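Taking it in order: structure first as structure tokens, then the write-up.
The values are calculated or read from the model by the stated rules, or taken from the named source; none is laboratory data. Worth saying up front: this structure is predicted, and the values here are computed from it rather than measured. Cβ atoms come from the backbone with ideal geometry, glycine included; neighbour counts cover every protein chain shown. Calculation scope for accessible area: heavy atoms of the full protein, side chains included, ligands and nucleic acids excluded. Shrake-Rupley method; radii C 1.70, N 1.55, O 1.52, S 1.80 Å.
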Amino acid sequence: MRFYHFLSGLLLIVLSFVVYAEQSINHELQTLKQKSLLLDRDLLILDDKIKKPFSIYLSQMTDAKFVLEVMTIKLDDKPLTIHNYTDLERKALKNGGAQLIYKGVLADGTHKIIAYYRSNKDYQGGAEFEFNKSSDSQSIEISINRGESKESRLQPKLSIQAVKNDNSITASVAYRHLKYLKDAQPNIDILSQVLKAQKLNKLGVFSVDAQLIKGQLYLDKGLHIEAGEIFKKIINNPAASKKLQNEARFYLGKSYYHSEKYEAALALLIKVNEPVSKSVRAELQHLYSLILMSQGKYKEAALYLRNNWWKAPGNWDLYKRLNLGVALIHSNEQKAGFDLIRKLGQKKPEDKEAKSLVDKANQSLGYLLLNQNKPEQARSYLEKVSLNGAYSNLALLGAGWASARLQQYNQAVVPWMELQKNDIRDIPVQESMLTVPYAFEQMGLLKKAVRYYQNSVNVYEKELVDLTSSMESIRQDFLKTDLLKLNVASESVWLKSVNEVSTSESLRYIKQLIEDADFFNLLLNFREATLLKINADQKVEKISDIQMHLLQELGSDNLKESEKHRDQIKFIKILAADLLKRSNMMQLKAQENIDLIVLQMKASALKLLALRKVKLDVYLVQSRLALAQSYDRLNP
């Protein structure tokens with residue numbers, strides 16, 4: 001008994017240490033992200049100090065029917081840039097954003113810009129502008145503006161002008177550019193640009209508005225504490241507009257939600273009133289109902305959604321209908337809930353996200369009906385789930401069991417046979433290796449049953465060999481090498497690259513491992529730490545190049561510069577040395593975190609794969625036993 005207490009105490013200490021280690025790494029990553037952002041900001045400022053860039057911005061104020069297709073710009077009669085617009089970029093411009101269409105180095109002196117656009121109706125407009133480039137940074141703004149006449153609304157006027165060195169004008173351009181970046185490039189990290197604009201005091205009267213953008217970007221980066229402080233300041237700022245304060249309340253509530261402070265989140269979200277943007281209003285209702293349901297308050301969630309019913313934009317309307325359907329089913333209003341989800345499942349999805357939601361609705365309804373012993377109805381919904389989506393395997397398995405409950409084994413075998421074509425590493429596929437011969441057995445097709453049971457034994461034995469080999473590879477520390485093959489740099493493709501690395505022995509089961517929330521969080525931490533390391537490496541390389549360039553300038557005998565300019569170069573050299581020192585420290589810290597996270601991932605992966613091995617062992621025993629019994633029945 002004493003040994004048992006000792007062992008329990010030891011286990012508690014180990015678990016406490018693991019939790020503490022994970023919390024410590026999370027805190028370290030947040031600190032490193034903040035330092036990395038400040039480094040990015042300072043490097044952007046240093047780059048501008050050295051290059052004194054020439055910038056061209058584009059803005060538009062046109063009718064809704066005007067669709068910008070192409071913008072062409074020439075500088076001194078030579079092509080400078082041709083830009084074809086995406087839907088996101090067009091939307092960002094119509095929302096009042098200013099696009100930085102060109103940024104580069106330009107020699108001092110007189111220059112001429114020619115710019116012209118082409119719209120969706122093949123309307124064109126253009127203008128030219130002469131200006132004198134000084135030795136300082138300089139900006140030009142191209143504007144596309146509607147006129148009063150019908151013709152000018154269809155074919156708006158293009159004008160070009162220099163951005164005056166006036167605080168209110170430069171602040172407007174700087175803020176509108178940040179707005180554009182946020183709307184047009186949602187997958188690009190622009191937080192360092194916001195920090196740069198704030199550091200240089202470029203935002204003027206738009207400072208509070210920019211704070212909201214900054215808070216949202218901090219929230220997206222997982223910096224919930226920093227984001228929360230920003231939103232609190234906006235809420236308590238008398239200079240902030242009502243709309244800004246309301247949206248700050250929403251985002252603060254969202255940060256509380258991510259920090260699992262559900263009561264605090266609900267208390268804030270309920271205070272959000274009009275005016276707010278449609279997207280904020282839609283996400284607010286989704287989030288509020290989600291929190292209520294997570295607390296088991298389904299009746300409150302259903303009442304809230306019914307009392308605040310409206311046609312939400314985009315896929316938010318689908319989320320709202322799914323949430324209400326689930327809330328009603330758990331509030332003893334099953335018929336109303338089923339009807340709502342059934343109608344949702346009948347919708348034709350417009351994109352991948354909508355398709356996934358419709359599949360989820362049909363699968364959820366199917367399994368609810370299956371659990372209520374209504375197999376025929378359940379099957380009708382499970383058969384609607386697409387065969388190439390995230391829910392296909394479970395839907396195929398459930399559709400087979402629905403038919404089996406109706407004793408229609410000839411129909412049950414069809415989705416189960418389809419399921420066997422899929423990845424054997426997925427649990428539903430592994431289960432189908434037993435269900436197919438079981439169906440043949442129930443139909444009296446014993447020869448087929450024996451053949452398929454034998455096949456299941458062979459498949460399970462091979463899978464056990466592969467699983468054991470993968471676990472051994474992890475134990476031998478191949479995990480880190482294989483994880484580094486992940487394409488972590490791109491937000492849009494890094495999860496897709498999981499498919500590619502699953503060919504590596506240590507990561508053969510990574511797609512299955514990330515179904516576990518804890519392991520997935522570790523993978524996210526690994527990506528964050530790796531991105532920080534890559535970012536630090538790039539900074540070191542860039543700053544080293546800057547230092548080499550500065551040394552060449554200072555050591556040049558042919559350079560005839562004023563003493564003041566040489567002093568400026570020396571000052572920039574000191575700044576570069578400081579940035580290099582901070583970047584080198586960032587490299588070391590990021591690498592330390594990568595090593596610690598990989599150790600945690602190793603322990604987690606081995607634990608999860610050991611559980612899979614137990615399940616596989618059970619399947620193998622069951623298949624061998626069923627094979628022997630079927631063989632005996634075939635040969636009495």
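Could you look through the range 112-145, keep only residues that are over 39 Å from the mean Cα position of the chain (by Cα) and polar (S, T, N, Q), and pick out the one that is least open to solvent (accessible area, probe 1.4 Å)?
My answer is SER134.
Does LEU303 meet the test of being open to solvent by less than 80 Å² (accessible area, probe 1.4 Å) and closer than 27 Å to ILE329 by Cα? Explain how you work it out, then say what you get.
On the way: open to solvent by less than 80 Å² (accessible area, probe 1.4 Å): no; closer than 27 Å to ILE329 by Cα: yes.
No.
All but one of (1) closer than 29 Å to LEU606 by Cβ; (2) part of a helix (DSSP H, G or I); (3) open to solvent by 50 Å² or more (accessible area, probe 1.4 Å); (4) touching a residue at least 24 places away in the same chain (Cβ under 8 Å) hold for ASP482; state the number of the condition that does not hold.
Answer for ASP482: the failing condition is (3).
What about THR503, is it within 25 Å of VAL614 (Cα to Cα) and open to solvent by 60 Å² or more (accessible area, probe 1.4 Å)?
Details: within 25 Å of VAL614 (Cα to Cα): yes; open to solvent by 60 Å² or more (accessible area, probe 1.4 Å): yes.
Against the criterion (within 25 Å of VAL614 (Cα to Cα) and open to solvent by 60 Å² or more (accessible area, probe 1.4 Å)), THR503 qualifies.
Condition first: closer than 24 Å to GLY444 by Cα, open to solvent by 50 Å² or more (accessible area, probe 1.4 Å) and modelled with pLDDT of 85 or more. Can you find one or more residues in the range 365-379 that meet it?
Scanning the range 365-379, I find at least one residue that is closer than 24 Å to GLY444 by Cα, open to solvent by 50 Å² or more (accessible area, probe 1.4 Å) and modelled with pLDDT of 85 or more, so the answer is yes.
Return the only residue of VAL465, VAL498 being of a type in the set (A, V, I, L, M, F, W, C) and open to solvent by 40 Å² or more (accessible area, probe 1.4 Å).
Among VAL465, VAL498, only VAL465 is of a type in the set (A, V, I, L, M, F, W, C) and open to solvent by 40 Å² or more (accessible area, probe 1.4 Å).
Got a sec? Which of LEU387, LEU394 is assigned to a helix (DSSP H, G or I), farther than 25 Å from ARG451 by Cβ, open to solvent by 50 Å² or more (accessible area, probe 1.4 Å) and aliphatic (A, V, I, L, M)?
The conditions single out LEU394.
Hey, among the residues in the range 96-106 that are outside any strand (DSSP E or B) and under 16 Å from GLN60 (Cα atoms), which one's most open to solvent (accessible area, probe 1.4 Å)?
Going through the range 96-106, the residues outside any strand (DSSP E or B) turn out to be 96-98, 105-106.
Then keep just the ones that are under 16 Å from GLN60 (Cα atoms); that gives 96-98.
Details: GLY96: 29, GLY97: 2, ALA98: 0 Å².
The selected residue is GLY96.
Looking at (1) over 19 Å from SER139 (Cβ atoms); (2) modelled with pLDDT under 90; (3) more than 20 Å from the chain's Cα centre (by Cα), can you tell me which one LEU223 breaks?
(3)
Looking for whichever is at pLDDT below 95, outside any helix (DSSP H, G or I), surrounded by 19 or more Cβ atoms within 10 Å (Cβ to Cβ) and not aliphatic (A, V, I, L, M) here; the options are LYS202, LYS254, LYS271, LYS196. Which one fits?
Of LYS202, LYS254, LYS271, LYS196, the one residue that is at pLDDT below 95, outside any helix (DSSP H, G or I), surrounded by 19 or more Cβ atoms within 10 Å (Cβ to Cβ) and not aliphatic (A, V, I, L, M) is LYS202.
Filter the range 205-223 down to the residues that are open to solvent by less than 10 Å² (accessible area, probe 1.4 Å) and of a type in the set (Gly, Ala, Ser), then identify the one that is nearest to TYR257 (Cα to Cα).
GLY215
In the range 397-423, what count of residues is obtained for those that are within 34 Å of the chain's Cα centre (by Cα) and either part of a loop (DSSP other than H, G, I, E, B) or of a type in the set (Lys, Arg) (or both)?
Qualifying residue count, the range 397-423: 4.
From the list LEU93, LEU43, LEU88, exactly one residue is closer than 30 Å to ASP578 by Cα, in contact with a helix residue (DSSP H, G or I) (Cβ under 9 Å, 6 or more places away or on another chain) and either assigned to a helix (DSSP H, G or I) or of a type in the set (Asp, Glu) (or both). Which is it?
Numbers: LEU93 fails: closer than 30 Å to ASP578 by Cα; LEU88 fails: closer than 30 Å to ASP578 by Cα.
After applying the criteria, what remains is LEU43.
Of SER497, SER470, which residue is free of Cβ contacts under 8 Å to residues at least 24 places away in the same chain and closer than 30 Å to MET601 by Cβ?
SER497
Only residues in the range 256-273 that are more than 13 Å from SER294 (Cα to Cα) and of a type in the set (D, E, K, R) count as the first member; pair them with residues that are open to solvent by 40 Å² or more (accessible area, probe 1.4 Å) and modelled with pLDDT of 90 or more, Cβ under 9 angstrom, at least 6 apart or cross-chain, and list the lot.
From residues that are more than 13 Å from SER294 (Cα to Cα) and of a type in the set (D, E, K, R), the pairs are LYS271/ARG249.
When you go through ILE169, ILE188 one by one, which is the residue that is β-branched (Val, Ile, Thr), at pLDDT below 90 and open to solvent by 70 Å² or more (accessible area, probe 1.4 Å)?
Checking each option against the conditions leaves just ILE188.
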